[in-house]
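Undergrad: Input: one structure, supplied below.
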């Protein structure tokens, strides 16, 4: 049986991944992890909880999965902006200048985009299958490319994704010593019609604004095409490598 874990299953792209894999591979077991638990109705989907900002929650979530049993892990999580709330959490928007930098925003963005995925690597990479090809993929972003940064701005988001890409590369090097068949990559999903991108869609050409299902479908094709020589890299939805 193929075993697949999707973290961030309540988000637009995470939900699309769960639904796509559960429909494509009806004999597979798809673990759908989200903070509050998501109610998928297919019999081959296991709904369960995981809080990306709570290391104990991440560790506990992995206890239900046997070591070496996962064929695919996708971390479909991330934050770019957020509304404030009554609990005191500040509103969050991408910074346009250095003068807009705020320590709390930097910490929050790194907590979700960098530290959370790093902890997912810590606890989920040992669960990858060692007897056959296995993949750990995490959503990154083209704006995390240092060499491709021509516009500036978006300090915390760019930096958090650049740091994530370094974690992917470093984890790939270490994991290759223990699991010769594992592939660890970042994925750039393109601009997806979701809450994350909704304030920034005005200048996106219609053909380049994907539905979550479209984006997930494109990325699944990329994941299916990967081989061991590509571990540690970041790929866009069209299969092209994102420059470091």
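The values are calculated or read from the model by the stated rules, or taken from the named source; none is laboratory data. Predicted model, so just to flag it, every value in this text is computed and none were measured. Here Cβ is always computed from backbone atoms with ideal geometry, including for glycine, and neighbour counts include all displayed protein chains.
Undergrad: Can you find a residue in segment 64-75 that is over 21 Å from residue 167 (Cα atoms) and out of contact with any helix residue (DSSP H, G or I) (no Cβ under 8 Å at 6 or more places or on another chain)?
TA: Yes: one or more hits.
Undergrad: Would you mention how many residues in segment 173-196 are under 26 Å from residue 94 (Cβ atoms) and under 15 Å from the mean Cα position of the chain (by Cα)?
TA: Count: 10.
Undergrad: Return the total of residues in segment 204-218 being crowded, with 19+ Cβ neighbours inside 10 Å, free of Cβ contacts under 8 Å to residues at least 40 places away in the same chain and part of a helix (DSSP H, G or I).
TA: Summing the residues that are crowded, with 19+ Cβ neighbours inside 10 Å, free of Cβ contacts under 8 Å to residues at least 40 places away in the same chain and part of a helix (DSSP H, G or I) in segment 204-218 gives 0.
Undergrad: Considering only residues that are under 18 Å from residue 60 (Cα atoms) and in contact with a helix residue (DSSP H, G or I) (Cβ under 8 Å, 6 or more places away or on another chain), which ones fall in segment 1-38?
TA: 4, 5, 6, 7, 8, 9, 30, 32, 33, 34, 38
Undergrad: Taking segment 222-237 only, how many residues are under 16 Å from the mean Cα position of the chain (by Cα) and part of a helix (DSSP H, G or I)?
TA: 2
Undergrad: Mind counting the residues in segment 229-244 that are surrounded by fewer than 18 Cβ atoms within 10 Å (Cβ to Cβ) and touching a residue at least 60 places away in the same chain (Cβ under 8 Å)?
TA: Result for segment 229-244: 2.
Undergrad: Take the residues in segment 1-23 that are surrounded by fewer than 22 Cβ atoms within 10 Å (Cβ to Cβ) and free of Cβ contacts under 8 Å to residues at least 40 places away in the same chain; name whichever of them is farthest from residue 125 (Cα to Cα).
TA: Out of the qualifying residues, it is 23.
Undergrad: For segment 166-179, state whether one or more residues are modelled with pLDDT of 95 or more and in a loop (DSSP other than H, G, I, E, B).
TA: Yes, some residue in segment 166-179 is modelled with pLDDT of 95 or more and in a loop (DSSP other than H, G, I, E, B).
Undergrad: Restricting attention to segment 109-144, and to residues there that are crowded, with 19+ Cβ neighbours inside 10 Å and in a loop (DSSP other than H, G, I, E, B), which single residue is nearest to the chain's Cα centre (by Cα)?
TA: It comes out as 140.
Undergrad: Show me the strands (runs of 3 or more DSSP E) entirely contained within segment 1-99 in which 2 or more residues are within 16 Å of the chain's Cα centre (by Cα).
TA: Because the criterion is at least 2 residues that are within 16 Å of the chain's Cα centre (by Cα), the strands (runs of 3 or more DSSP E) in segment 1-99 that meet it are 3-7, 29-34, 72-75.
Undergrad: Return the residues of segment 108-157 that are without any contact (Cβ under 8 Å) to a residue 24 or more places away in the chain and within 13 Å of residue 242 (Cβ to Cβ); say none if nothing qualifies.
TA: 143, 149
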